[in-house]
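Here's the structure, in structure tokens; my notes come after.
Any read-out appearing in this document is the output of simple, stated calculations on the displayed coordinates, not a laboratory observation. Quick caveat, the model's predicted, so the values are computed rather than measured. Cβ placement follows ideal geometry from the backbone for every residue including glycine, while neighbour counts extend to all protein chains displayed.
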Amino acid sequence: MTSMAVEIPEIQSLSLEEIVRAKVRAAFDAVGGPVIIEDVSFEIAALKGMPGPFVKWWAKTAGYEPALVVCESVGDWSAKATCGAAYFDGERLEYVEGIVTGRLSARAGEEGFGFDFYFVPDGFDRTFAQLGLDVKNRISHRALAMRLLNERL
């Protein structure tokens, strides 16, 4: 199995599944063979589910600090990280989601990226960034999605 970076268009949608299904078809067209792709959604309850699949762009423009203020004012810190993953070989398309629920927290930790520094998964008292890569790579939304996709294939 090889990995390659391919520039493909990303549709704008509130549906992670719709985005991933479009991306895996576009990746197949670009590569000309079977592909696996994944994308992420991060929903903050106090923001009524936003930023959702727009998390990368939202983090670049607003960042996570304003969300902490909203969580405090609303009194709801709950959040959900979802990884949508898909395989497509030109005929068979398999889509799965790995979901981790948890809560937002003040920035903490050194290892990771994006919301890793702010997200505490249920059952833990530290952020993904504090848990370290070994633990995160076992329990994360991405790890769950890849295990599910592997089972399907």
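Order these by the 10 Å Cβ neighbour count, fewest first: Trp57, Trp77. Working shown, then result.
Working: Trp57 11, Trp77 17.
Fewest-to-most ranking of Trp57, Trp77: Trp57, Trp77.
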Please compute, for the alpha-carbon atoms of the stretch 1-84, the extent along each of the three principal axes and give them in descending order in Å. 50, 23, 20
CD proxy at 222 nm, helix term only [per DSSP H run n ≥ 4: -39500 (n - 2.57); per residue of the chain; nearest 500]: -10500 deg cm²/dmol
Hull surface over four for the Cα convex hull of the stretch 16-152, reported in nm², is 8.6
Checking the cross-link filter: which lysines have an alpha carbon closer than 16 Å to that of Lys136, excluding same-chain neighbours under 8 positions apart? Lys80
What distance in nm separates the two pseudo spin-label positions at Glu151 and Ala62, each 7 Å out from Cα along the beta-carbon direction? 3.4
Relative contact order (percent, whole number), the chain, Cα cutoff 8 Å, 6+ residue spacing: 19
Can you pull the percent of Cα pairs in the stretch 36-105 with separation above 20 Å? 36
